[in-house]
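Please read the structure below before turning to the comments.
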Amino acid sequence: MVFREKLLTVPPPIEVAGRHVKRYHVTADPAGIAPEVEKAAYAILPELLPEPDGTPPATFVVLHRGDDDGAYLNAYSWVWDNVLHFRGAAAGQPVLGCPDRDPARFVRPDLPWIGCVWELPPILHERDAWVRHLLAPEVPDLDAYLADSLPEGTTGDRSGAARTTSLRRPRPN
């Protein structure tokens, strides 16, 4: 299997259960995520959100449609002012406890996983955006945070050139 980055799209934020939710969709399919999978994922989202604790009610999600039958919804919510709370849901993956291969039948696996390589890129951006708009300024700006999303494109290699690092030391002559 050859690794390939996937497509990343950024639908507009929505409000769910009193929380502002920034959205990232990941798929290899240029057509995007099927509407029935998206609808099912967002139907289970309220179960993945924490109770309010006084932190500005913000969450970001990554909805990932796998190359097989799998679909995954990762919900990352800000709590305790600067802590990232995680809960996830999966569909179409019997190995994760899903009842069948239906990518629109989500369940909540009890696993300590926070995301795969295609689902992780938004985390760094969201961490920096939270600091930039909520923690660093004298007056926190939730609206600015909600407007600050990772740009659409691919899940990685945003420089346009492959990044390589050499760990080899030059050999003495």
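Just so you know, all these numbers are worked out from the coordinates, no wet-lab data involved. The model shown is predicted, which means the values in this text are computed figures rather than measured ones. Positions of Cβ are backbone-derived with ideal geometry, glycine not excepted, and every protein chain shown enters the neighbour counts.
The table below gives the values:
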item	result
Estimated FRET transfer efficiency when R0 is 22 angstrom, pair D68-L120 (beta carbons, to 0.05)	0.70
Summed side-chain charge close to T59 - residues other than T59 whose Cβ falls under 12 Å, Lys, Arg +1, Asp, Glu -1	+2
For a label point 7 Å along the Cα-to-beta-carbon line of R4, residues of segment 32-64 with backbone N under 19 Å	32-34, 64
Mean Cβ neighbour count within 10 Å, used as a protection proxy, ranking 135-141, 5-11 highest first	5-11, 135-141
Net charge contributed by nearby residues that have their C-beta within less than 15 Å of L135 (K/R +1, D/E -1)	-4
Rounded to 5, the percent of DSSP beta bridges in the chain classed as antiparallel	75
Net +/- balance of residues flanking A104 in space, Cβ distance below 13 Å, scoring K and R +1, D and E -1	-1
Computed log₁₀ I(q)/I(0) - Debye formula, equal Cα scatterers, no solvent, segment 19-72, q 0.18, 0.24, 0.30 Å⁻¹	-0.64, -0.96, -1.29
Length-normalised contact order for the chain - Cα pairs under 8 Å, 6+ apart - percent	20
Relative compactness, segment 77-132, computed as alpha-carbon Rg over 2.2 N^0.38 Å	1.38
Column: log10 I(q)/I(0), Debye, Cα scatterers of segment 1-119, q = 0.13 Å⁻¹	-0.48
Fully extended contour minus Cα-Cα distance, from L111 to E152, at 0.36 nm per residue	11.9 nm
